[in-house]
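Worksheet: the structure to be examined is printed underneath.
Read-outs: derived from the displayed coordinates by stated rules, not from any lab. All values reported here derive from a predicted model rather than from experimental measurement. Note: ideal-geometry Cβ built from the backbone for every residue, glycine included; neighbour counts use all protein chains shown.
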Amino acid sequence: MNDRLMDRPDFLIGGSWVAPLDGGPADVVSPSTEEPVGRVPLAGERDIDRAVAAAREAFDTGPWPRMTPVERADVLAAAADLLRKREDDIARVTTDEMGCAVSQARTAQTGLVASVFAYYAELVRGFAFERIVETGPKAAVVTEEPVGVVGAIVAWNAPVTLAAWKVAPALAAGCTVVIKPAPEAPLSNYILAEALLEAGVPAGVVNLVPGGREAGEHLVTHPDVDKIAFTGSTAVGKRIMSLCGDQVKRVSLELGGKSAAVILDDADLGTVVPAVVRGGMHLSGQVCGAHSRVLVPRSRYAEALEAAADAAVAVPYGDPHDPATVVGPLVAERQRTRVEGYIASALDAGARAVAGGVRPAHLPKGWYVAPTILGDVDNGMKVAREEIFGPVLCLIPYDGEDEAVRVANDSPYGLSGGVWSADAARALAVARRMRTGSVIVNGSSPPFPLVPFGGFKQSGVGRELGPEGLRGFLEQRSIGIPASLLARD
């Protein structure tokens, strides 16, 4: 607790580190040891009010929205350089605070942080924030204006990455931001805040106030907040959307998923199935885009089930600090209880666990669930309809390509997905039929951050990353002008 990175007594408000008014200190508990590893204050209403007031003043009277895009880009580029130097710190802290396996921390927790700030720095240097429209005697200037004060509410599974996906485009647009990290993993975002201050972000432009549900609702409903950008569960997203609707407040939501990996009948199961299993175990399955439904041709189902079970048993799990570990603990005891409840409901419904499905006896401390493969799953089962957020994959048989597409799309969610085939063109044709925001063909992930990420249906509203991510923090304004004001050659 003497480690400065793990003991944070203050909030960042108005460019200074300040003591809480309402929020008291709270322990950050390691999911692997069940012992405190750090401490932060959790914000109360007056703390949120102070942070919003600082962001409001910085937007209404401060220099940031009035700087040129190139001037803002220079600060974002400096932040990217500083964040690259802090990647080891971010990786270490997230391993301690939320149990991310250290073997994945540099990719899952830092891989799309500095690069996102660098991307938006470059994008806004040439972005058309203004255009002229002329028709006959009429003309207009169409401008892209920053939406205003943004409340960025960040989930615990990739805390700095998810904050960066909101903060970088918001700052590039000229907005000011209040970041509210989740209480389970608040510490790593202090490193992001430090880097932004050092890069030269003016006072009040970025504010950091960890807090729980009550603090989040106060931020969402605060009349001086112009937009909420949220990543988290669909249930909470629905609540936020409802609250924002009362004020017609701008909102973007990146929510849950129940994504399907479609393995076509010509795929090499010996190669593809282990890849899908290891991918589904990433961050202990605590990934909104996890391909947790694996669709397999019925004619090859027994073969696929055996390959999946073998692959799951071979996945190293345990202490997240061990470089050999792939699957660490779940973030909290309640999360383990939730995952175990889904496994039990699947078994009651007629599914069977061909691997895992139990709490590992050799890990008495920590919130672990062994990597689990469920067979004999029907797409109508609860375990196939709802997001589990744990190291659990469901194998579902199908008959024919059309049924595979139908089953893949038969979900209230539509965030991610994958298609595997010996014929990449065939896989692409199937991918085009999937009603989901991102699709991976034969393991080829889209080139983030250059392209948008987000979901169809109950997986969210709006997009993060790419030019679309920037536009989500902009409002369009049209100004009619006499055509005589236009410059003529």
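Across the cross-link table entries Lys166/Lys365; Lys227/Lys457; Lys138/Lys249; Lys180/Lys227; Lys85/Lys365, which are compared at the Cα atoms, the separations over 24 Å belong to Lys166/Lys365; Lys138/Lys249; Lys85/Lys365. Just so you know, the Rg over Rh for the stretch 99-191 is 1.16, from Cα atoms, with Rh as the Kirkwood radius.
If one computes the Cα centroid of the stretch 153-190 and of the stretch 14-28, what distance in Å separates the two points? Value for the Cα centre distance between the two parts: 17 Å. About its Cα centre, the dipole of the stretch 260-441 is roughly 540 debye, where the only charges are +1 on Lys and Arg Cβ and -1 on Asp and Glu Cβ.
With the cut-off at under 16 Å, measuring from each backbone N in the stretch 132-163 to a point 7 Å along the Cα-to-Cβ line of Leu486 picks out 132-143. Here the chain is assigned +1 on the Cβ of each Lys and Arg and -1 on the Cβ of each Asp and Glu. Its dipole about the Cα centre then comes out at about 780 debye. Counting only DSSP H runs of at least 4 residues, each contributing -39500 (n - 2.57), and dividing by the residue count of the chain, the helix-based mean residue ellipticity at 222 nm comes to -11500 deg cm²/dmol.
Computing FRET efficiency as 1/(1 + (r/R0)^6) for Lys138 and Arg106, where r is the C-beta to C-beta distance and R0 is 60 Å, gives about 0.65.
Rounded to the nearest 20, the size of the Cβ-charge dipole of the stretch 71-210 about its Cα centre is 200 debye, with Lys and Arg at +1 and Asp and Glu at -1. Each principal axis of the Cα cloud of the stretch 12-130 was taken in turn, and the coordinate range along them, longest first, works out to 53, 38, 19 Å.
Working from label points 7 Å from Cα in the Cα-to-Cβ sense, the His362 to Asp7 distance is 3.6 nm. Using the Cβ-Cβ distance between Ala344 and Thr271 with R0 = 35 Å, the FRET efficiency computed as 1/(1 + (r/R0)^6) comes to roughly 0.60.
Two numbers describe the Cα atoms of the stretch 260-441: Rg and Dmax, which are 15.5, 48 Å. Take the Cα of Ala235, step 7 Å toward its Cβ, do the same at Glu468, and the gap between the two points is 2.8 nm. The aspartates and glutamates whose alpha-carbon is closer than 19 Å to the alpha-carbon of Lys238, local same-chain residues fewer than 8 away aside, are Glu214, Glu217, Asp226, Asp246, Glu254, Glu386, Glu387, Glu464. For the chain, rounded, prolate or oblate, judged on the Cα gyration tensor with a ≥ b ≥ c (square roots of eigenvalues), a/c < 1.5 rounded, else prolate if a/b > b/c? Oblate. Could you work out how far the C-alpha centroid of the stretch 86-152 sits from that of the stretch 216-235, in angstrom? Centre-to-centre distance over Cα atoms comes out at 19 Å. Could you work out how far the C-alpha centroid of the stretch 388-412 sits from that of the stretch 291-334, in angstrom? Cα centres, the stretch 388-412 to the stretch 291-334: 17 Å.
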